[in-house]
Amino acid sequence: MSDPILSLKGISKSFGPIEVLHDVDFELRPGEIHALIGENGAGKSTTMKILGGYIDATAGEVLWHGQPVRFPSSDEAEARGIVMIHQEFNLAEHLGVDQNVFLGREITRGWRLDHKAMRTRTAELLDRLECRVDPAVRVSGLSVPAKQMVEIAKALSRDLRVLIMDEPTAVLTERDCEILFRQIERLRAKGVAILYTSHKLSEVTRLCDRVTVLRDGAMVRSAPVSDITEEEMAAAMVGRELSDLYPAKAVPRDEVLLEVENLSVPGVVESASLTLRRGEVLGLGGLVGSGRTEFAEALAGLRPREGRVRLMGEDLPASEVRTALQRGLVYLTEDRKGAGLLLDKGLRENLTLPLLERFGGPLIDRRAEEAALDRAIEEFAIRAPDRRMRVGNLSGGNQQKLLLAKTLLSDPQVILIDEPTRGIDIGTKQQIYALIAGLAAEGCAILVISSEMPELIGLASRVLVMHAGRITGALEGDDVTEGAIVRLAMGLDDNREGAAA
(Lines give C-alpha, C1' and ligand atoms only; values in the text may rest on other atoms or scores of the structure.)
Protein backbone atom coordinates (compact mmCIF):
# COMPACT_ATOMS: atom_id res chain seq x y z
CA MET A 1 0.00 0.00 0.00
CA SER A 2 1.37 3.42 -0.97
CA ASP A 3 1.99 6.17 1.59
CA PRO A 4 -0.66 8.86 2.03
CA ILE A 5 -0.32 11.92 -0.20
CA LEU A 6 -2.75 14.10 1.81
CA SER A 7 -4.01 13.42 5.31
CA LEU A 8 -5.57 14.91 8.40
CA LYS A 9 -4.32 14.16 11.91
CA GLY A 10 -6.36 14.98 15.01
CA ILE A 11 -8.38 17.63 13.15
CA SER A 12 -11.03 19.63 15.00
CA LYS A 13 -12.97 22.61 13.70
CA SER A 14 -15.15 25.10 15.55
CA PHE A 15 -17.35 27.90 14.26
CA GLY A 16 -17.63 30.20 17.25
CA PRO A 17 -18.59 28.08 20.26
CA ILE A 18 -19.86 25.21 18.08
CA GLU A 19 -17.42 22.39 17.36
CA VAL A 20 -18.37 20.64 14.12
CA LEU A 21 -15.37 18.29 13.78
CA HIS A 22 -13.84 16.34 16.67
CA ASP A 23 -10.38 14.75 16.41
CA VAL A 24 -10.70 13.43 12.84
CA ASP A 25 -7.97 11.33 11.20
CA PHE A 26 -8.24 10.82 7.45
CA GLU A 27 -5.89 9.68 4.67
CA LEU A 28 -5.88 9.87 0.87
CA ARG A 29 -3.51 7.58 -1.04
CA PRO A 30 -2.46 7.68 -4.70
CA GLY A 31 -4.54 5.40 -6.89
CA GLU A 32 -7.22 4.92 -4.22
CA ILE A 33 -10.82 6.10 -4.13
CA HIS A 34 -11.76 6.88 -0.54
CA ALA A 35 -15.43 7.48 0.23
CA LEU A 36 -16.42 9.92 2.97
CA ILE A 37 -20.04 9.41 3.99
CA GLY A 38 -22.39 10.59 6.71
CA GLU A 39 -25.69 12.32 7.30
CA ASN A 40 -26.12 15.95 6.30
CA GLY A 41 -24.46 17.96 9.06
CA ALA A 42 -22.04 15.15 9.95
CA GLY A 43 -19.00 17.26 8.96
CA LYS A 44 -18.20 15.98 5.46
CA SER A 45 -18.17 19.39 3.77
CA THR A 46 -16.02 20.88 6.53
CA THR A 47 -13.53 18.02 6.18
CA MET A 48 -13.35 18.47 2.41
CA LYS A 49 -12.89 22.23 2.70
CA ILE A 50 -9.99 21.79 5.12
CA LEU A 51 -8.33 19.31 2.73
CA GLY A 52 -8.90 21.68 -0.21
CA GLY A 53 -7.51 24.79 1.50
CA TYR A 54 -10.84 26.62 1.74
CA ILE A 55 -10.84 26.84 5.55
CA ASP A 56 -8.34 26.27 8.36
CA ALA A 57 -8.69 23.69 11.10
CA THR A 58 -9.01 24.87 14.69
CA ALA A 59 -6.74 22.09 15.95
CA GLY A 60 -4.72 19.25 14.44
CA GLU A 61 -2.52 19.00 11.36
CA VAL A 62 -2.88 18.76 7.59
CA LEU A 63 -0.08 16.61 6.15
CA TRP A 64 1.24 16.68 2.57
CA HIS A 65 3.42 13.63 1.90
CA GLY A 66 3.68 13.18 5.65
CA GLN A 67 4.84 16.75 6.37
CA PRO A 68 2.72 19.43 8.08
CA VAL A 69 1.42 22.00 5.64
CA ARG A 70 -0.91 24.97 5.65
CA PHE A 71 -2.67 26.13 2.51
CA PRO A 72 -3.26 29.90 2.72
CA SER A 73 -6.04 29.51 0.16
CA SER A 74 -7.65 27.03 -2.19
CA ASP A 75 -5.45 28.50 -4.96
CA GLU A 76 -2.37 27.31 -3.08
CA ALA A 77 -3.89 23.84 -2.74
CA GLU A 78 -4.75 23.78 -6.46
CA ALA A 79 -1.17 24.75 -7.29
CA ARG A 80 -0.14 21.44 -5.68
CA GLY A 81 -2.75 19.53 -7.69
CA ILE A 82 -5.55 19.38 -5.08
CA VAL A 83 -8.84 20.16 -6.84
CA MET A 84 -12.36 20.12 -5.42
CA ILE A 85 -15.58 19.74 -7.37
CA HIS A 86 -18.24 21.39 -5.22
CA GLN A 87 -21.80 20.16 -4.85
CA GLU A 88 -22.99 23.70 -5.57
CA PHE A 89 -21.76 25.01 -8.90
CA ASN A 90 -18.85 27.42 -8.88
CA LEU A 91 -19.36 28.81 -12.38
CA ALA A 92 -19.46 32.29 -13.89
CA GLU A 93 -22.90 32.16 -15.50
CA HIS A 94 -22.30 35.08 -17.88
CA LEU A 95 -19.15 33.57 -19.39
CA GLY A 96 -18.76 30.86 -21.99
CA VAL A 97 -18.02 27.22 -21.18
CA ASP A 98 -14.41 27.50 -22.36
CA GLN A 99 -13.91 30.69 -20.36
CA ASN A 100 -15.14 28.91 -17.24
CA VAL A 101 -12.92 25.88 -17.76
CA PHE A 102 -9.80 28.06 -17.96
CA LEU A 103 -10.87 30.91 -15.67
CA GLY A 104 -7.79 32.17 -13.82
CA ARG A 105 -5.53 29.86 -15.87
CA GLU A 106 -6.10 31.29 -19.33
CA ILE A 107 -3.95 30.09 -22.23
CA THR A 108 -2.09 32.97 -23.83
CA ARG A 109 -0.14 33.58 -27.02
CA GLY A 110 2.24 36.37 -26.21
CA TRP A 111 0.20 38.97 -24.38
CA ARG A 112 -3.11 37.92 -25.94
CA LEU A 113 -5.59 35.27 -24.82
CA ASP A 114 -5.49 32.23 -27.10
CA HIS A 115 -9.24 31.70 -27.41
CA LYS A 116 -8.83 29.10 -30.14
CA ALA A 117 -6.57 26.91 -28.00
CA MET A 118 -8.89 27.17 -24.99
CA ARG A 119 -11.93 26.34 -27.09
CA THR A 120 -10.18 23.37 -28.72
CA ARG A 121 -8.99 22.01 -25.37
CA THR A 122 -12.46 22.47 -23.85
CA ALA A 123 -14.03 20.61 -26.76
CA GLU A 124 -11.61 17.71 -26.16
CA LEU A 125 -12.53 17.57 -22.46
CA LEU A 126 -16.26 17.68 -23.18
CA ASP A 127 -15.81 14.98 -25.80
CA ARG A 128 -14.20 12.74 -23.14
CA LEU A 129 -17.29 13.34 -21.04
CA GLU A 130 -19.58 12.67 -24.02
CA CYS A 131 -21.13 16.07 -23.32
CA ARG A 132 -22.56 17.63 -26.47
CA VAL A 133 -22.19 21.27 -25.47
CA ASP A 134 -20.73 24.05 -27.60
CA PRO A 135 -17.63 25.37 -25.76
CA ALA A 136 -18.58 28.91 -26.81
CA VAL A 137 -22.10 28.88 -25.34
CA ARG A 138 -22.84 30.81 -22.14
CA VAL A 139 -23.09 28.70 -18.99
CA SER A 140 -26.35 30.45 -18.03
CA GLY A 141 -28.10 28.69 -20.90
CA LEU A 142 -27.07 25.16 -19.88
CA SER A 143 -29.14 22.52 -18.10
CA VAL A 144 -28.20 21.53 -14.55
CA PRO A 145 -26.56 18.22 -15.62
CA ALA A 146 -24.57 20.02 -18.33
CA LYS A 147 -23.29 22.52 -15.76
CA GLN A 148 -22.08 19.63 -13.62
CA MET A 149 -20.20 18.25 -16.62
CA VAL A 150 -18.55 21.66 -17.10
CA GLU A 151 -17.42 21.54 -13.45
CA ILE A 152 -15.93 18.10 -14.07
CA ALA A 153 -14.23 19.32 -17.26
CA LYS A 154 -12.65 22.15 -15.22
CA ALA A 155 -11.18 19.61 -12.83
CA LEU A 156 -9.91 17.36 -15.63
CA SER A 157 -8.16 20.31 -17.26
CA ARG A 158 -5.77 20.57 -14.30
CA ASP A 159 -2.68 18.56 -13.40
CA LEU A 160 -4.52 16.47 -10.82
CA ARG A 161 -2.88 14.74 -7.90
CA VAL A 162 -5.84 14.80 -5.48
CA LEU A 163 -9.48 15.10 -6.62
CA ILE A 164 -12.18 15.88 -4.05
CA MET A 165 -15.72 15.23 -5.31
CA ASP A 166 -18.73 16.43 -3.32
CA GLU A 167 -21.91 14.64 -4.47
CA PRO A 168 -20.85 14.67 -8.15
CA THR A 169 -23.79 12.56 -9.38
CA ALA A 170 -26.60 14.32 -7.48
CA VAL A 171 -27.87 16.06 -10.63
CA LEU A 172 -26.65 13.63 -13.30
CA THR A 173 -28.66 11.17 -15.34
CA GLU A 174 -27.78 7.47 -15.16
CA ARG A 175 -26.02 7.77 -18.53
CA ASP A 176 -23.95 10.71 -17.32
CA CYS A 177 -23.09 8.82 -14.13
CA GLU A 178 -21.66 5.95 -16.16
CA ILE A 179 -19.52 8.38 -18.15
CA LEU A 180 -18.27 9.99 -14.94
CA PHE A 181 -17.44 6.62 -13.39
CA ARG A 182 -15.27 5.76 -16.38
CA GLN A 183 -13.34 9.02 -15.95
CA ILE A 184 -12.87 8.38 -12.23
CA GLU A 185 -11.49 4.91 -12.92
CA ARG A 186 -9.09 6.39 -15.49
CA LEU A 187 -7.82 8.88 -12.92
CA ARG A 188 -7.37 6.13 -10.32
CA ALA A 189 -5.33 4.13 -12.84
CA LYS A 190 -3.09 7.19 -13.31
CA GLY A 191 -2.39 7.34 -9.57
CA VAL A 192 -4.70 10.23 -8.62
CA ALA A 193 -5.95 10.11 -5.03
CA ILE A 194 -9.73 10.58 -5.00
CA LEU A 195 -12.07 11.60 -2.19
CA TYR A 196 -15.64 10.71 -3.11
CA THR A 197 -18.74 11.72 -1.17
CA SER A 198 -22.19 10.47 -2.08
CA HIS A 199 -25.48 9.65 -0.41
CA LYS A 200 -25.89 6.83 -2.94
CA LEU A 201 -24.32 3.92 -1.12
CA SER A 202 -24.52 1.73 -4.23
CA GLU A 203 -21.99 4.11 -5.84
CA VAL A 204 -19.68 3.79 -2.84
CA THR A 205 -19.81 -0.01 -3.08
CA ARG A 206 -19.21 0.03 -6.82
CA LEU A 207 -16.44 2.64 -7.08
CA CYS A 208 -14.55 2.98 -3.84
CA ASP A 209 -11.70 1.11 -2.20
CA ARG A 210 -12.16 2.43 1.34
CA VAL A 211 -14.97 4.16 3.22
CA THR A 212 -14.90 6.43 6.27
CA VAL A 213 -18.11 7.28 8.12
CA LEU A 214 -18.64 10.55 10.00
CA ARG A 215 -21.42 11.06 12.53
CA ASP A 216 -21.95 14.30 14.44
CA GLY A 217 -18.45 15.50 13.50
CA ALA A 218 -16.60 12.39 14.66
CA MET A 219 -15.18 9.45 12.73
CA VAL A 220 -17.16 6.35 13.75
CA ARG A 221 -15.87 3.76 11.27
CA SER A 222 -13.26 3.34 8.54
CA ALA A 223 -12.85 0.12 6.58
CA PRO A 224 -12.17 -1.36 3.16
CA VAL A 225 -15.38 -1.32 1.15
CA SER A 226 -15.11 -5.08 0.76
CA ASP A 227 -15.46 -5.44 4.56
CA ILE A 228 -18.65 -3.42 5.07
CA THR A 229 -22.15 -3.79 3.64
CA GLU A 230 -24.40 -0.93 2.54
CA GLU A 231 -26.70 -1.71 5.48
CA GLU A 232 -23.76 -1.41 7.88
CA MET A 233 -22.73 1.89 6.26
CA ALA A 234 -26.24 3.28 6.73
CA ALA A 235 -26.42 2.10 10.34
CA ALA A 236 -23.05 3.71 11.11
CA MET A 237 -24.19 6.99 9.55
CA VAL A 238 -27.37 7.34 11.59
CA GLY A 239 -26.42 5.42 14.73
CA ARG A 240 -29.29 2.95 14.41
CA GLU A 241 -30.50 0.16 12.18
CA LEU A 242 -32.42 1.36 9.13
CA SER A 243 -35.19 -1.01 8.18
CA ASP A 244 -38.31 -0.34 6.16
CA LEU A 245 -36.91 2.72 4.39
CA TYR A 246 -40.24 3.24 2.64
CA PRO A 247 -43.35 3.41 4.83
CA ALA A 248 -46.61 1.65 4.02
CA LYS A 249 -48.47 3.33 1.18
CA ALA A 250 -51.72 5.13 1.96
CA VAL A 251 -54.82 3.90 0.16
CA PRO A 252 -56.12 6.57 -2.26
CA ARG A 253 -59.73 7.66 -1.81
CA ASP A 254 -62.28 8.10 -4.58
CA GLU A 255 -62.40 11.93 -4.47
CA VAL A 256 -60.43 13.57 -7.29
CA LEU A 257 -58.63 16.73 -6.16
CA LEU A 258 -56.72 17.56 -9.34
CA GLU A 259 -57.73 16.97 -12.96
CA VAL A 260 -55.43 17.96 -15.82
CA GLU A 261 -56.65 17.73 -19.41
CA ASN A 262 -54.32 18.22 -22.40
CA LEU A 263 -51.93 20.56 -20.64
CA SER A 264 -49.27 22.02 -22.92
CA VAL A 265 -46.31 24.26 -22.23
CA PRO A 266 -45.16 25.78 -25.52
CA GLY A 267 -42.09 24.00 -26.79
CA VAL A 268 -41.77 21.73 -23.74
CA VAL A 269 -44.91 19.77 -22.80
CA GLU A 270 -47.62 18.54 -25.15
CA SER A 271 -51.14 17.37 -24.25
CA ALA A 272 -50.37 15.93 -20.80
CA SER A 273 -53.32 14.67 -18.74
CA LEU A 274 -53.66 13.16 -15.28
CA THR A 275 -55.96 12.78 -12.28
CA LEU A 276 -54.83 12.92 -8.67
CA ARG A 277 -57.03 11.63 -5.87
CA ARG A 278 -57.23 12.48 -2.20
CA GLY A 279 -54.76 10.39 -0.22
CA GLU A 280 -52.78 9.38 -3.31
CA VAL A 281 -49.04 9.56 -3.90
CA LEU A 282 -48.65 9.68 -7.68
CA GLY A 283 -45.14 9.33 -9.11
CA LEU A 284 -43.90 11.14 -12.21
CA GLY A 285 -40.79 9.66 -13.81
CA GLY A 286 -38.74 10.34 -16.91
CA LEU A 287 -35.28 11.38 -18.00
CA VAL A 288 -33.84 14.85 -17.39
CA GLY A 289 -35.31 17.13 -20.07
CA SER A 290 -38.50 15.09 -20.49
CA GLY A 291 -40.67 18.00 -19.30
CA ARG A 292 -41.50 16.81 -15.77
CA THR A 293 -40.43 19.98 -13.97
CA GLU A 294 -41.98 22.28 -16.56
CA PHE A 295 -45.26 20.37 -16.23
CA ALA A 296 -45.30 20.85 -12.44
CA GLU A 297 -44.31 24.51 -12.72
CA ALA A 298 -47.17 25.11 -15.14
CA LEU A 299 -49.64 23.52 -12.72
CA ALA A 300 -48.35 25.80 -9.95
CA GLY A 301 -48.72 28.93 -12.09
CA LEU A 302 -45.00 29.46 -12.66
CA ARG A 303 -45.18 28.93 -16.43
CA PRO A 304 -47.72 29.84 -19.12
CA ARG A 305 -49.82 26.87 -20.16
CA GLU A 306 -52.67 25.76 -22.35
CA GLY A 307 -55.29 23.15 -21.50
CA ARG A 308 -57.65 22.70 -18.57
CA VAL A 309 -56.74 22.29 -14.90
CA ARG A 310 -59.45 21.67 -12.31
CA LEU A 311 -58.55 21.93 -8.64
CA MET A 312 -61.15 20.44 -6.29
CA GLY A 313 -63.81 20.75 -8.98
CA GLU A 314 -63.11 24.32 -10.07
CA ASP A 315 -61.04 25.60 -12.98
CA LEU A 316 -57.62 26.91 -11.98
CA PRO A 317 -56.43 29.94 -14.00
CA ALA A 318 -53.06 29.75 -15.71
CA SER A 319 -49.99 31.69 -14.53
CA GLU A 320 -51.46 32.69 -11.16
CA VAL A 321 -49.18 31.43 -8.40
CA ARG A 322 -51.04 33.27 -5.65
CA THR A 323 -54.40 31.85 -6.74
CA ALA A 324 -53.02 28.29 -6.77
CA LEU A 325 -51.57 28.82 -3.29
CA GLN A 326 -54.77 30.29 -1.89
CA ARG A 327 -56.82 27.41 -3.28
CA GLY A 328 -54.56 24.76 -1.79
CA LEU A 329 -51.98 23.79 -4.42
CA VAL A 330 -48.27 24.21 -3.67
CA TYR A 331 -45.04 23.32 -5.47
CA LEU A 332 -41.74 22.35 -3.85
CA THR A 333 -38.97 23.21 -6.31
CA GLU A 334 -36.11 20.86 -7.19
CA ASP A 335 -33.68 23.82 -6.85
CA ARG A 336 -33.76 24.61 -3.14
CA LYS A 337 -30.74 26.94 -3.30
CA GLY A 338 -31.53 28.78 -6.51
CA ALA A 339 -35.31 29.10 -6.28
CA GLY A 340 -36.54 27.73 -2.95
CA LEU A 341 -34.65 29.51 -0.19
CA LEU A 342 -33.02 32.88 0.54
CA LEU A 343 -29.58 31.67 1.52
CA ASP A 344 -28.47 34.94 3.14
CA LYS A 345 -31.52 35.10 5.43
CA GLY A 346 -32.35 33.24 8.62
CA LEU A 347 -34.74 30.36 9.21
CA ARG A 348 -37.64 32.53 10.34
CA GLU A 349 -37.57 34.83 7.32
CA ASN A 350 -37.46 31.88 4.92
CA LEU A 351 -40.26 29.98 6.63
CA THR A 352 -42.86 32.76 6.70
CA LEU A 353 -42.06 34.73 3.52
CA PRO A 354 -44.84 33.23 1.31
CA LEU A 355 -47.52 33.92 3.96
CA LEU A 356 -46.55 37.24 5.51
CA GLU A 357 -50.18 38.35 5.57
CA ARG A 358 -50.84 35.55 8.06
CA PHE A 359 -48.28 37.16 10.38
CA GLY A 360 -49.61 40.69 10.33
CA GLY A 361 -48.93 42.07 6.87
CA PRO A 362 -46.91 45.33 6.92
CA LEU A 363 -46.34 45.12 10.68
CA ILE A 364 -44.99 41.61 11.19
CA ASP A 365 -45.81 39.77 14.41
CA ARG A 366 -42.36 38.44 15.27
CA ARG A 367 -43.65 36.38 18.17
CA ALA A 368 -46.09 34.58 15.86
CA GLU A 369 -43.28 33.97 13.37
CA GLU A 370 -41.03 32.56 16.09
CA ALA A 371 -43.86 30.30 17.28
CA ALA A 372 -44.31 29.02 13.72
CA LEU A 373 -40.58 28.35 13.50
CA ASP A 374 -40.69 26.49 16.83
CA ARG A 375 -43.35 24.18 15.40
CA ALA A 376 -41.47 23.68 12.13
CA ILE A 377 -38.21 22.82 13.90
CA GLU A 378 -40.00 20.23 16.01
CA GLU A 379 -42.30 18.75 13.35
CA PHE A 380 -39.66 18.54 10.61
CA ALA A 381 -36.69 17.72 12.90
CA ILE A 382 -34.65 20.67 11.57
CA ARG A 383 -31.19 20.68 13.13
CA ALA A 384 -29.74 24.20 13.34
CA PRO A 385 -27.13 25.23 15.92
CA ASP A 386 -28.56 28.77 15.88
CA ARG A 387 -31.99 29.62 14.47
CA ARG A 388 -30.64 33.03 13.41
CA MET A 389 -27.91 31.52 11.24
CA ARG A 390 -27.84 31.99 7.48
CA VAL A 391 -29.82 29.27 5.78
CA GLY A 392 -26.92 28.88 3.35
CA ASN A 393 -24.86 27.48 6.24
CA LEU A 394 -27.35 24.69 6.97
CA SER A 395 -26.64 21.20 5.66
CA GLY A 396 -28.48 20.15 2.51
CA GLY A 397 -30.85 17.89 4.41
CA ASN A 398 -31.84 20.60 6.86
CA GLN A 399 -32.31 23.06 4.01
CA GLN A 400 -34.65 20.56 2.36
CA LYS A 401 -36.63 20.08 5.58
CA LEU A 402 -36.93 23.86 5.97
CA LEU A 403 -38.14 24.12 2.37
CA LEU A 404 -40.74 21.44 3.09
CA ALA A 405 -41.88 23.30 6.21
CA LYS A 406 -42.15 26.53 4.22
CA THR A 407 -44.09 24.86 1.40
CA LEU A 408 -46.52 23.15 3.78
CA LEU A 409 -47.11 26.16 6.03
CA SER A 410 -50.27 27.04 4.10
CA ASP A 411 -51.88 23.64 4.90
CA PRO A 412 -52.28 22.68 1.21
CA GLN A 413 -54.48 19.93 -0.20
CA VAL A 414 -52.48 19.22 -3.37
CA ILE A 415 -48.68 19.07 -3.10
CA LEU A 416 -46.26 18.89 -6.04
CA ILE A 417 -42.80 17.78 -4.87
CA ASP A 418 -39.91 17.90 -7.35
CA GLU A 419 -36.90 15.69 -6.43
CA PRO A 420 -37.76 15.45 -2.70
CA THR A 421 -34.47 13.88 -1.57
CA ARG A 422 -31.84 15.09 -4.04
CA GLY A 423 -28.45 15.41 -2.33
CA ILE A 424 -29.54 14.35 1.17
CA ASP A 425 -28.52 11.44 3.36
CA ILE A 426 -30.37 8.19 3.90
CA GLY A 427 -31.52 9.05 7.42
CA THR A 428 -33.12 12.30 6.25
CA LYS A 429 -34.60 10.47 3.26
CA GLN A 430 -36.37 8.13 5.64
CA GLN A 431 -37.80 11.12 7.53
CA ILE A 432 -39.06 12.75 4.33
CA TYR A 433 -40.58 9.51 3.05
CA ALA A 434 -42.46 9.13 6.33
CA LEU A 435 -43.64 12.74 6.06
CA ILE A 436 -44.97 12.20 2.50
CA ALA A 437 -46.79 9.03 3.54
CA GLY A 438 -48.22 10.82 6.57
CA LEU A 439 -49.55 13.68 4.46
CA ALA A 440 -51.22 11.23 2.11
CA ALA A 441 -52.77 9.36 5.05
CA GLU A 442 -54.21 12.70 6.27
CA GLY A 443 -55.91 13.20 2.90
CA CYS A 444 -53.48 15.29 0.86
CA ALA A 445 -52.94 14.47 -2.80
CA ILE A 446 -49.25 14.36 -3.70
CA LEU A 447 -47.40 14.32 -7.02
CA VAL A 448 -43.77 13.22 -6.57
CA ILE A 449 -41.27 13.87 -9.36
CA SER A 450 -38.09 11.85 -8.94
CA SER A 451 -35.12 10.69 -10.99
CA GLU A 452 -34.57 7.83 -8.54
CA MET A 453 -36.62 4.86 -9.67
CA PRO A 454 -36.50 3.06 -6.28
CA GLU A 455 -38.00 6.22 -4.78
CA LEU A 456 -40.89 6.24 -7.24
CA ILE A 457 -41.53 2.54 -6.73
CA GLY A 458 -41.26 2.77 -2.94
CA LEU A 459 -43.49 5.83 -2.48
CA ALA A 460 -46.10 5.89 -5.22
CA SER A 461 -49.20 3.74 -5.67
CA ARG A 462 -49.20 4.72 -9.36
CA VAL A 463 -46.45 6.05 -11.66
CA LEU A 464 -46.74 8.15 -14.82
CA VAL A 465 -43.71 8.44 -17.11
CA MET A 466 -42.79 11.28 -19.47
CA HIS A 467 -40.71 11.23 -22.62
CA ALA A 468 -40.03 14.23 -24.90
CA GLY A 469 -42.77 16.33 -23.31
CA ARG A 470 -45.49 13.67 -23.38
CA ILE A 471 -46.85 11.28 -20.79
CA THR A 472 -46.12 7.95 -22.45
CA GLY A 473 -47.63 5.57 -19.92
CA ALA A 474 -49.19 4.83 -16.55
CA LEU A 475 -48.03 1.97 -14.32
CA GLU A 476 -49.82 0.53 -11.32
CA GLY A 477 -49.43 -2.37 -8.91
CA ASP A 478 -47.05 -5.12 -9.99
CA ASP A 479 -46.44 -3.30 -13.31
CA VAL A 480 -44.42 -0.60 -11.50
CA THR A 481 -40.89 -1.90 -12.14
CA GLU A 482 -37.59 -0.26 -13.02
CA GLY A 483 -37.58 -1.95 -16.41
CA ALA A 484 -41.06 -0.69 -17.29
CA ILE A 485 -40.21 2.86 -16.18
CA VAL A 486 -36.99 2.88 -18.21
CA ARG A 487 -38.73 1.68 -21.38
CA LEU A 488 -41.39 4.38 -21.10
CA ALA A 489 -38.82 7.05 -20.22
CA MET A 490 -36.84 6.21 -23.36
CA GLY A 491 -39.91 6.17 -25.56
CA LEU A 492 -39.64 2.44 -26.28
CA ASP A 493 -43.17 1.71 -25.08
CA ASP A 494 -46.17 3.96 -25.46
CA ASN A 495 -49.28 3.45 -23.34
CA ARG A 496 -50.91 6.86 -23.51
CA GLU A 497 -54.42 5.52 -23.28
CA GLY A 498 -53.87 4.63 -19.63
CA ALA A 499 -51.77 7.67 -18.80
CA ALA A 500 -54.61 9.77 -17.37
CA ALA A 501 -56.28 6.91 -15.50
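The values are calculated or read from the model by the stated rules, or taken from the named source; none is laboratory data. All of these numbers come straight from a predicted model, not from anything done at the bench. No Cβ is skipped: glycine too gets one built from the backbone with ideal geometry, and neighbour counts run over all protein chains shown. Accessible surface is based on the protein model in full, side chains and every heavy atom, while ligands, DNA and RNA are left aside. Shrake-Rupley method; radii C 1.70, N 1.55, O 1.52, S 1.80 Å.
Distance cut-off 26 Å, Cα to Cα: go down the list K154/K345; K154/K190; K147/K200; K13/K345 and report the pairs above it. Don't skip to the answer; put the middle values down first.
Details: K154/K345 31 Å; K154/K190 18 Å; K147/K200 20 Å; K13/K345 24 Å.
Going by Cα-Cα distance, K154/K345 fall outside the 26 Å limit.
Per-atom-type breakdown for segment 128-187 gives carbon and sulfur 45% of the accessible area (1.4 Å probe, protein chains only).
Applying 1/(1 + (r/R0)^6) with r as the Cβ-Cβ distance of V256 and Q326 and R0 = 22 angstrom yields a FRET efficiency of 0.65.
With Rh defined as the Kirkwood radius, the inverse of the mean 1/r over Cα pairs, the Rg/Rh of segment 265-323 is 0.95. Under the simplified labelling scheme, the C177-N90 pair shows an inter-label distance of 2.5 nm, with each label point 7 Å from Cα along Cα→Cβ.
If you look at the Cα atoms of segment 181-324, you get an Rg and a Dmax of 22.8, 63 Å. Based on protein heavy atoms only, the chain ends up with 44 Å² per residue of surface accessible to a 1.4 Å probe. Beyond 24 Å, the tail of the calculated P(r) for segment 1-110 holds 33 percent of the Cα pairs. Annotation: segment 16-65 has a Kirkwood hydrodynamic radius of 12.2 angstrom, from the mean reciprocal C-alpha pair distance.
Taking only the C-alpha atoms of the chain, Rg followed by Dmax gives 23.6, 74 Å. If you take all C-alpha pairs in segment 42-176, what percent of them are over 26 Å apart? Of the Cα pairs, 29 percent sit more than 26 Å apart. Three principal axis extents of segment 317-375 based on alpha-carbon atoms, in descending order, are 35, 24, 21 Å. For segment 258-332, applying the loop criterion from DSSP together with a ceiling of 16 other beta carbons within 10 Å to the GluC sites (Glu not before Pro) yields E320.
Taking each residue as 0.36 nm, the span from T481 to S226 lengthens on full extension beyond its C-alpha to C-alpha distance by 88.9 nm. Calculation over all alpha carbon pairs of segment 162-252 in 5 angstrom steps from 0 returns a P(r) of 3, 11, 20, 21, 18, 13, 8, 3, 2, 1, 0 percent.
At an R0 of 22 angstrom, the distance between the Cβ atoms of E124 and L103 translates into a FRET efficiency of 0.80. Per-residue extension of 0.36 nm, minus the Cα-Cα distance of A368 and V144, leaves a gain of 76.9 nm for this segment.
Find the relative contact order for the chain and round it to a whole percent, using C-alpha pairs within less than 8 Å whose residues are 6+ positions apart. That works out to 16 percent. Working from Cα pairs under 8 Å separated by at least six residues, relative contact order for segment 381-501 is 17 percent. First check a/c for segment 141-203, with a ≥ b ≥ c the square roots of the eigenvalues of its C-alpha gyration tensor; if it is under 1.5, answer rounded, and if not, answer prolate when a/b is larger than b/c or oblate otherwise. Oblate, since a/c reaches 1.5 and b/c is not below a/b. Set the Cα radius of gyration of segment 242-363 against 2.2 N^0.38 Å, with N its number of residues, and you get 1.22. Between D344 and S2, full extension at 0.36 nm per residue minus the direct alpha carbon distance yields a gain of 118.8 nm. Axis of helix 174-189 versus longest Cα principal axis of the chain: the two differ by about 10°, to the nearest ten degrees.
For segment 357-501, with all protein chains in place and a probe radius of 1.4 Å, 50% of the accessible heavy-atom surface sits on carbon or sulfur. Taking the charge dipole of segment 310-400 about its Cα centre, with +1 at Lys and Arg Cβ atoms and -1 at Asp and Glu Cβ atoms, the residue from L373, P385, S395 reaching farthest to the positive side is P385.
With all protein chains present and a 1.4 Å probe, how do W64, W111 order by accessible area, largest first? Could the numbers behind the result be given before it?
Details: W64 30, W111 215 Å².
The ordering from most to least exposed comes out as W111, W64.
Among 459-465, 436-442, sorting by the average number of other beta carbon atoms lying within 10 angstrom of each residue, highest first, gives 459-465, 436-442. Ignoring ligands, DNA and RNA, please state the percent of accessible area on segment 15-92 from carbon and sulfur, probe 1.4 Å. The value for segment 15-92 is 46 percent carbon and sulfur by accessible area. Normalising by residue count, segment 372-491 has a Cα convex hull of 124 Å³ per residue. Dipole size of the chain about its Cα centre, with +1 on Lys/Arg Cβ and -1 on Asp/Glu Cβ: approximately 1300 debye, rounded to the nearest 20. Note on segment 48-114: along the principal axes its Cα atoms extend 43, 30, 15 Å, ordered by decreasing extent.
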